[in-house]
1. Does Ile139 satisfy the criteria of being touching a strand residue (DSSP E or B) at 6+ places or on another chain (Cβ under 7 Å), modelled with pLDDT of 85 or more and within 20 Å of Gly106 (Cα to Cα)?
2. Could you tell me how many of the residues in segment 196-245 are over 18 Å from Ala14 (Cα atoms), of a type in the set (A, V, I, L, M) and without any contact (Cβ under 8 Å) to a residue 60 or more places away in the chain?
3. In segment 5-20, which residues are under 19 Å from Ile95 (Cα atoms) and surrounded by fewer than 24 Cβ atoms within 10 Å (Cβ to Cβ)?
4. Scan segment 57-88 for residues that are in a helix (DSSP H, G or I), in contact with a helix residue (DSSP H, G or I) (Cβ under 6 Å, 6 or more places away or on another chain) and closer than 14 Å to Ile45 by Cα and report the count.
5. Can you name the condition, by its number, that Tyr59 falls short on among (1) closer than 20 Å to Phe22 by Cα; (2) touching a Cys at 6+ places or on another chain (Cβ under 8 Å); (3) at pLDDT below 95?
6. Name every residue in segment 97-121 that is assigned to a helix (DSSP H, G or I), out of contact with any His (no Cβ under 9 Å at 6 or more places or on another chain) and over 19 Å from Ile45 (Cα atoms), in order of residue number.
7. Pairs needed: first member in segment 6-26, part of a helix (DSSP H, G or I); second member anywhere, of a type in the set (Ser, Thr, Tyr); C-beta distance under 6 Å; at least 6 residues apart or different chains.
Amino acid sequence: MLVSATEMLKKAIAGKYAVGHFNINNLEWTKAILEVSQELNSPVILGVSEGAGKYMGGYKTIVGMVNGMLEGLKITVPVALHLDHGTYDGCLKCIDAGFSSVMFDGSHYPIAENVEKTTELVNLTHKLGLSIEAEVGAIGGEEDGVIGMGECANPDECKAIADLGVDFLAAGIGNIHGKYPANWPGLSFETLAAVKDKVGDLPLVLHGGTGIPEDMIKKAISLGVAKINVNTECQLAFAEATRKYIEAGKDRESKGYDPRKLLAPGAAAIKETVKGKIELFGSAGKA
């Protein structure tokens, strides 16, 4: 049974660890992430971008697939199904489809409009027992065609959004989606500490978890980050493992191009990636 992310992140704040948010793009990714989370007894958040939602046949298809796997794979750890960087309309569609959590990315709106739309969605999600994430300060890189410059969030604006009753908050602290450039200056812990001072025990979210050095990850967790998003690292691992499998000619050793065998190395690579992240974030054994 899907659950909201609220309780798992409150426990993460109290326990000084972070829950991994891993984006899913197909059945193989979803199965790999769920199996590793169960093996490590770790709560997990399955993230779905609006682009991935369209690719996988719509939000109701995704809800059906995930619920079926929870039953079929006998998954007992807490699992939240979360819309990642959602529009206002996207949030409404995911709520209707049966997601247990949504993120409304109103960071590109003027703060007054961000507040208005976030308030409406907070009221709706909480009425239904769902969790909601908001964002202040655009995350760098590209996410479904939306390009952010990696702005650092204004702590006062973070408090204004936090006071609306959101369950967790993504505050830009110089993090970006995708690969980090060689000249990346690193996370702004000064900004993170200032945001934490304003919002108290509200769980904070670190997007762009791929490529951030381990010491920075651990420091961010110590300063109130309770949810860390990972996508690019899984994409790279999946692509590289599949490439090696094809180049070695292994896909032609049995019944032609068997898709189950073709995708298996990529799924195994995702398992190893997710396992490493769960251990780094400290959520293993916390379900």
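The values are calculated or read from the model by the stated rules, or taken from the named source; none is laboratory data. Please read these numbers as outputs of a predicted model, since none were measured by experiment. Here the Cβ positions follow ideal geometry from the backbone for every residue, glycine too, while neighbour counts run over all protein chains shown.
1. Values: touching a strand residue (DSSP E or B) at 6+ places or on another chain (Cβ under 7 Å): yes; modelled with pLDDT of 85 or more: no; within 20 Å of Gly106 (Cα to Cα): yes.
Answer is no for this residue.
2. Of the residues in that region, 6 qualify.
3. Quick first cut of segment 5-20, residues under 19 Å from Ile95 (Cα atoms) only: 5-7.
Result: Thr6, Glu7.
4. 1
5. In the conditions (1) closer than 20 Å to Phe22 by Cα; (2) touching a Cys at 6+ places or on another chain (Cβ under 8 Å); (3) at pLDDT below 95, Tyr59 misses (3) alone.
6. Of segment 97-121, the ones assigned to a helix (DSSP H, G or I) are 97, 111-121.
Still in the list and also out of contact with any His (no Cβ under 9 Å at 6 or more places or on another chain): 97, 111-113, 115-121.
Across segment 97-121, the qualifying residues are Ile111, Ala112, Glu113, Val115, Glu116, Lys117, Thr118, Thr119, Glu120, Leu121.
7. Once the first residue is part of a helix (DSSP H, G or I) and sits in segment 6-26, its partners that are of a type in the set (Ser, Thr, Tyr) give Thr6/Ser131.
Residue by residue, here is whether (1) surrounded by fewer than 24 Cβ atoms within 10 Å (Cβ to Cβ); (2) modelled with pLDDT of 95 or more holds:
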{"residue": "Val63", "(1), (2)": "yes, yes"}
{"residue": "Val77", "(1), (2)": "yes, yes"}
{"residue": "Gly86", "(1), (2)": "no, yes"}
{"residue": "Asp89", "(1), (2)": "yes, yes"}
{"residue": "Lys93", "(1), (2)": "yes, yes"}
{"residue": "Asp96", "(1), (2)": "yes, yes"}
{"residue": "Ser107", "(1), (2)": "yes, no"}
{"residue": "Thr119", "(1), (2)": "yes, yes"}
{"residue": "Gly129", "(1), (2)": "yes, yes"}
